[in-house]
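So the structure is just underneath, and the comments pick up after that.
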Amino acid sequence: MAAAVEHEVSHPALQHHFDNLEQQREAGTLGMWVFLVTEIMFFGGMFLAYTLYRSKFPDAFASASNHLSLPLGAVNTVVLIVSSLTMALAVYSAQVGKRRNLILFLVLTIVLGSAFLGIKAVEYKDKYVDHLVPGKLLPGNAFSPVVAAHGDTDPHKLHMIGSATVKQVEMFYWIYFAMTGMHAIHMIIGVGLLLVLLYFSWRGRYGPEYHNPVEILGLYWHFVDIIWIFLFPLLYLLGRHLMHA
Amino acid sequence: MSEHIVSLKVYFTIFLSLMVGTALTVWAGLQDFPGPLNVIVALTIAVIKATLVVLYFMHVRYSSRLIWVVFAAALFWLGILFALTFGDYWTRGWL
Amino acid sequence: MQAPETFETPAAERVNYLNAQYGLKSWLLTKDHKRIGLLYLGSISFFFLIGGLYAMFIRLELLTPQGDFLSSATYNKVFTQHGIIMVFFFLIPSIPATLGNFLVPLMIGAKDLAFPRINLLSWYIYLLGGVITIYALLAGGIDTGWTFYVPYSTTFSNSYVIATGAGIFISGFSSILTGLNFIVTIHTMRAPGMTWFRMPLFIWAHYATSLIMILGTPVIAITILLLAFERLAHVGIFDPANGGDPVLFQHLFWFYSHPAVYIMVLPGMGIISELIANFSRKNIFGYSFVAFSSLAIAVFGFLVWGHHMFVSGQSVYAGMVFSFLSFAVAIPSAVKVFNWTATLYKGSISYDTPMLYALGFIGLFTIGGMTGLFLATLGVNVHTTDTYFVVAHFHYVMVGGTLLAYLGGLHYWWPKITGRMYPEGWGRFSALVIFVGFNLTFLPQFIAGYLGMPRRYHAYPPEFQVFNVLSSAGASILGVGLLIPLVYLIWSMRYGKRAEANPWHLPGLEWRTPSPPPTENFLVTPLVTWEAYEFAPPEELRVIGMFKEDESLEDADAVINGKPL
């Protein structure tokens, strides 16, 4: 009632509990997708909070959104999309066995990811300077933006629309920091993992037969890009049209 | 190996589409559309961009049905979270 | 290098996963799912003892209507910590991390789980979360109730909310990684011939549980983070002063915490399916129905969370929808109970210890489940919310349900895990003591709650004292009953009768390998050509890959068990 299964000659990367590399690859890819499901639900909770409060305080959210730097946000969006391309090209290079290209594209992805984080740091610094960090998170720099009077065009002051109140604006920034902060943490982890992958690529570990780690890190990286694809319009583009009114 | 290698041409086409989508979304954000259209336009463009990334950069277009189901399940569950929570908020004023 | 094992190697010398390597490092750095299951068994038992200690304090305090040795503030911490430890550090991981880890690969014919190192990591993450939580308890404790409701937890509580939250947040990753491992393993690593519908129902139950772990746990993770962020910033999305809504916290919290109770009970139901079929020597009635009902519970379980919020300020219309869906979610559970009962009918029933636990489960889970319907009824809920009726309900399903299933499964698979039998007499005795003690503890609580005794109160009106005294008496019996297996199970690891590969003579794949199994699980990769509960004569149920064609059953068993020929 039982029979043995033949085992092929093993590739050094084949783990002992798998029958062959194909099974190992299938498992790795499915595992990363299941993990991404958890990430979708994780960010989903914050998107829920955002949607709820945006619908409750449209004017405050629009006012707060306008205070964010559209150029920096747009540049960051472009940076991330280019990094997604370079990541996809890294996977491609591994698939076709071009080690130098793999290394090049991983380096480019790391550079672009770091650029994103650098720009984010600049944006966070701007919020700090304008006293927009919510509540008493930073002792000594409580949330206390200066509201612009009608006609005042000082970019550091908060320009309120309609029935917006400062407390509601604080709500926006709370959500802004929670969502972009979580996103940034995921980017940092991604860059860290890319560095590890870069090391192993340089050591020649990946080729056409075995490159699943590159593929699955690519999945993670694209996912983090998708989160930003939604964050950008929802956080930065809410009330621009109202400013011109 | 049952792996499908996506061509460079596809990657670059998708990349260009994403850049166009980004430019479009910034432009649309600066226009004053009537009613809720600003939100609808912004979200539609975002969904299209995300779909392109999922299908082509993340290879779901060439993956097994299981992967597709896994991804669809996540979206469905997110939908449950949103639908039933908003089911509460939207009906609060009714009684 | 050791001589290759043959069927002539006596059992006592056979290399298995326990004696393959010795030393602390070989355990702490193991990748073997069986050893990891045992590591979890130890840690989970430890947390169960701590949670039990808190329960003891609760029941002692509640012997008299007035406050005795616990102030109300301390009492708040005691019941909070009892809940947190029992829910997050015992019930949620218990069956999946111990029995699930051990058995999933064995039952599907795999050499290990898909990601052995992630499995080990999940144990360390669980420990880290546990250590941080214990630190919070020792540093001063937390008094918000295990439900962490805002604004008390964000704004007014002076206890260790963030530290405890951090411990729970971290241990949630352990849950996620376990679920992820199970899903990938079941999809990609089944042995040849092991189709989905030949898998034991234990596997279906763990698959469904893993779905819940994956989809739900991240939401509580973000909820705890948002709670901590709000507590640190002194402002936030749950704070009415900013226009926030405290009920949003409850939506996010219960979105996970309701499905979490199915994480707790589904694996138990998987065990019961195994016990009922195997100790009735009968194929489970309605295999597909039971399998699909596990999936249905996993899905429907996500649609009912608002039944914890009927009186919170949630809209009445949402309440009605959640109430209706809560009735619906009872249906797949009922399907299981009917199928188990039908399996018992005309079965050849043996009343070994595991079967006693299984029968207890069916009765107690039914009571617990039906009282859930009471609570799902909007009108009744208004009166019973936050009373001991709720407390009794969930203890019936979690203790009368999950804990009994866990103990039944532990006894059933004990010979496979340790290679030794537990003492059957003591097993039956403690099962009965536990059953009696449990009912005496919690049945009076239904009545007290229905009559109006509130939960989470350290002092109560004198008319409830008789129920509390009965309950505390029951709790002492239950406590004793639970300590007895601890003693004899540990005793049996050294002195118990050595078990053969298939002591119960059952068809499951886990019984077709030596007890304890070798590190790689099977001597050869199995080729499965039989259904899940296809009972057969013992000579057809021997260890796969370890017998000669013309060898007699007695000779083969004698050799396998080290008995003289």
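Brief remarks follow.
- Within the stretch A:183-206, the residues that satisfy the criterion of being in contact (Cβ under 8 Å) with a residue 40 or more places away in the chain and surrounded by fewer than 17 Cβ atoms within 10 Å (Cβ to Cβ) are A:ILE188, A:LEU195, A:TRP202, A:GLY204.
- The residue list C:SER348, C:SER333, C:SER288 contains one member that is on the phi < 0 side of the Ramachandran plot and in contact with a Lys or Arg (Cβ under 9 Å, 6 or more places away or on another chain), which is C:SER348.
- Subset of the stretch C:475-527 (residues that are away from chain A (no Cβ under 14 Å) and of a type in the set (Ser, Thr, Tyr)): C:SER476, C:TYR488, C:SER492, C:TYR495, C:SER515
- Answer from C:GLY368, C:GLY347 - the residue that is more than 14 Å from chain B (Cβ to nearest Cβ), buried (at least 16 other Cβ atoms within 10 Å of the Cβ), not in a helix (DSSP H, G or I) and not aromatic (Phe, Trp, Tyr): C:GLY347
- Residue in the stretch A:32-52 that is more than 7 Å from every other protein chain (Cβ to nearest Cβ), touching a Lys or Arg at 6+ places or on another chain (Cβ under 9 Å) and crowded, with 18+ Cβ neighbours inside 10 Å present: no
- Residues that are farther than 25 Å from A:VAL37 by Cα and modelled with pLDDT under 95 are absent from the stretch A:192-201.
- Between C:TRP196, C:TRP204, C:TRP254, the distinction of being surrounded by 24 or more Cβ atoms within 10 Å (Cβ to Cβ), aromatic (Phe, Trp, Tyr) and more than 9 Å from every other protein chain (Cβ to nearest Cβ) belongs to C:TRP204 only.
- Residue among C:ALA318, C:ALA328, C:ALA334, C:ALA291 that alone is crowded, with 18+ Cβ neighbours inside 10 Å, away from chain B (no Cβ under 11 Å), of a type outside the set (Phe, Trp, Tyr) and assigned to a helix (DSSP H, G or I): C:ALA291
- Every residue from the stretch C:414-428 that is over 22 Å from the mean Cα position of the chain (by Cα) and part of a helix (DSSP H, G or I): C:GLU424, C:GLY425, C:TRP426
- Positions within the stretch A:185-213 being away from every other protein chain (no Cβ under 12 Å) and more than 22 Å from A:ILE40 (Cβ to Cβ), in sequence order: A:LEU195, A:VAL196, A:LEU197, A:LEU198, A:TYR199, A:PHE200, A:SER201, A:TRP202, A:ARG203, A:GLY204, A:ARG205, A:TYR206
Residue by residue, here is whether (1) in contact with a Pro (Cβ under 8 Å, 6 or more places away or on another chain); (2) touching a residue at least 40 places away in the same chain (Cβ under 8 Å); (3) more than 30 Å from C:GLY409 (Cα to Cα) holds:
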| position | (1), (2), (3) |
| --- | --- |
| C:LEU70 | no, yes, yes |
| C:PHE90 | no, yes, no |
| C:LEU99 | yes, yes, no |
| C:ILE108 | no, yes, no |
| C:PHE115 | no, yes, no |
| C:TRP123 | no, yes, no |
| C:LEU128 | no, yes, no |
| C:ILE142 | no, yes, yes |
| C:GLY145 | no, yes, yes |
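Yes/no per residue for (1) free of Cβ contacts under 8 Å to residues at least 60 places away in the same chain; (2) under 23 Å from C:GLY37 (Cβ atoms); (3) crowded, with 22+ Cβ neighbours inside 10 Å:
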residue	(1), (2), (3)
C:TYR412	no, yes, yes
C:TYR422	no, yes, yes
C:PHE438	no, no, yes
C:PRO444	yes, no, yes
C:ARG456	no, no, no
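- Candidates in the stretch C:223-238 are the residues that are crowded, with 24+ Cβ neighbours inside 10 Å and facing chain A (nearest Cβ under 7 Å); of these, the one that is farthest from the chain's Cα centre (by Cα) is C:VAL235.
- Evaluation of C:GLY379 against the conditions (1) under 29 Å from C:TYR460 (Cβ atoms); (2) buried (at least 21 other Cβ atoms within 10 Å of the Cβ) shows that the sole unmet condition is (2).
- Residues in the stretch A:159-184 that are closer than 15 Å to A:SER55 by Cα, more than 8 Å from chain C (Cβ to nearest Cβ) and assigned to a helix (DSSP H, G or I): A:VAL169, A:PHE172.
- Test: residue in the stretch C:508-515 that is of a type outside the set (A, V, I, L, M), at pLDDT 95 or above, out of contact with any Leu (no Cβ under 9 Å at 6 or more places or on another chain) and part of a loop (DSSP other than H, G, I, E, B): no
- Every condition in (1) more than 9 Å from every other protein chain (Cβ to nearest Cβ); (2) in a helix (DSSP H, G or I) is met by C:ALA241 except one, and the failing one is (1).
- Flag if C:PHE182 is within 14 Å of chain A (Cβ to nearest Cβ), closer than 26 Å to C:PRO507 by Cβ, at pLDDT 95 or above and not in a loop (DSSP other than H, G, I, E, B): yes
- So B:PHE86, is it closer than 25 Å to C:ASP245 by Cβ and within 7 Å of chain A (Cβ to nearest Cβ): no
- Of the criteria (1) facing chain C (nearest Cβ under 9 Å); (2) assigned to a helix (DSSP H, G or I), which one A:ALA115 fails: (1)
- Any pair with Cβ under 6 angstrom, 6 or more apart, that starts in the stretch C:320-331 at a residue that is farther than 18 Å from C:SER294 by Cβ and ends at one that is part of a helix (DSSP H, G or I) and of a type in the set (Asp, Glu): none
- Within the stretch A:95-105, at least one residue is more than 22 Å from the chain's Cα centre (by Cα), facing another protein chain (nearest Cβ under 10 Å), buried (at least 19 other Cβ atoms within 10 Å of the Cβ) and not in a loop (DSSP other than H, G, I, E, B).
- If you go through the stretch B:9-44 and pick out every residue that is under 30 Å from A:SER93 (Cβ atoms) and more than 7 Å from chain A (Cβ to nearest Cβ), you end up with 10.
- The condition of being among the β-branched types (Val, Ile, Thr), within 15 Å of the chain's Cα centre (by Cα) and surrounded by fewer than 17 Cβ atoms within 10 Å (Cβ to Cβ) holds for only one of A:VAL79, A:VAL75, that being A:VAL75.
- Candidates C:LEU215, C:LEU266, filtered to the one that is buried (at least 22 other Cβ atoms within 10 Å of the Cβ), within 9 Å of another protein chain (Cβ to nearest Cβ), within 24 Å of the chain's Cα centre (by Cα) and in a helix (DSSP H, G or I): C:LEU215
- When the stretch C:108-145 is filtered for residues that are within 14 Å of chain A (Cβ to nearest Cβ), of a type outside the set (A, V, I, L, M, F, W, C) and surrounded by 20 or more Cβ atoms within 10 Å (Cβ to Cβ), the ones remaining, listed by number, are C:GLY109, C:LYS111, C:ASP112, C:PRO116, C:ASN119, C:SER122.
The values are calculated or read from the model by the stated rules, or taken from the named source; none is laboratory data. All values derive from a computational prediction rather than experimental measurement. Ideal geometry is used to build each Cβ from the backbone, glycine not excepted, and the neighbour counts take in all protein chains shown.
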